[in-house]
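J.: There's a structure below that I have some questions on.
Values in this text are rule-based calculations from the coordinates and carry no lab data. In this text the structure is predicted, and so the values were computed from the model without any measurement. Here the Cβ is made from the backbone with ideal geometry for all residues, glycine too, and neighbour counts use every protein chain on show.
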Amino acid sequence: MEKENFNRRDFLKNSLKTIAVGSIALSALDVKKLFAEAEYDINSATKVINIADYPDLANVGGSTVIGKTFISRTGESKFLALSMICTHKKCDVDYTGSGFECPCHGSTYSSTGKVTNGPATKNLKSLKTTYNAENNTLTY
Ligand code: FES
C-alpha cells in the first residue's frame with residue numbers, strides 16, 4: 001500500500017514537472033509566428049480541384065478564390081495560382097477585380113501578383129499549376 005502511494009505521488013510529481021516544462025517551452029516560442037508559418041505551409045500544400053466544380057474557371061479569363069488562393073484561367077490549359085497572403089506581414093489580401101489590396105497597411109499588387117505599392121516589397125507567392133485535360137483537374 002505504501003509503495004503504491006509513493007508511485008502515485010511520483011507519477012503526479014513527474015506529470016506536473018512535464019506540464020511546467022512544456023508551458024515554459026511554449027511561452028518561449030513566438031506562438032503567433034508559429035501559427036502564421038503553419039498557415040503558410042497549409043496554403044502551399046498541393047491541392048487538386050476538378051475544374052467542372054468551378055464554373056468561373058470554365059473559360060479563359062475566368063477566375064475564382066479557393067481558400068486563400070486566387071486562381072485564374074490564363075489559357076485553355078494554363079492557370080495562374082497566387083497565394084492571397086500579403087508578403088509584408090501576412091494579412092489576407094482582397095481581390096479588387098483588377099488586382100489585390102491589403103487591408104492592413106495598404107500594399108497593392110497587380111492581377112499577376114506583382115507589388116504595385118508598398119510597404120510590401122515581394123510579389124504574392126505564385127504556386128506551380130498543372131492542368132490535366134483528360135480529367136479536367138488542376139493541381140496547385
Ligand atoms: S500586411 Fe499587407 S501591407 Fe502590411
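J.: Could you tell me the calculated FRET efficiency between Ser77 and Ser110, based on Cβ-Cβ distance and R0 = 22 angstrom, to the nearest 0.05? All intermediate terms of the calculation are to be shown ahead of the outcome.
T.: On the way: r = 23 Å, r/R0 = 1.04.
Efficiency computed from Cβ-Cβ geometry: 0.45.
J.: Assigning unit charges at the beta carbon (Lys, Arg +1; Asp, Glu -1) and nothing else, what dipole magnitude in debye, to the nearest 20, does the stretch 51-140 show about its Cα centre? Could the numbers behind the result be given before it?
T.: Values: 9 positive and 7 negative charges, 94 e Å.
It works out to roughly 460 debye.
J.: Net charge around Thr137, counting only other residues with Cβ within less than 11 Å of its Cβ (Lys, Arg = +1; Asp, Glu = -1)? Mind showing how you got there, number by number?
T.: Values: positive: Lys47; negative: Asp53, Glu134.
It works out to a net charge of -1.
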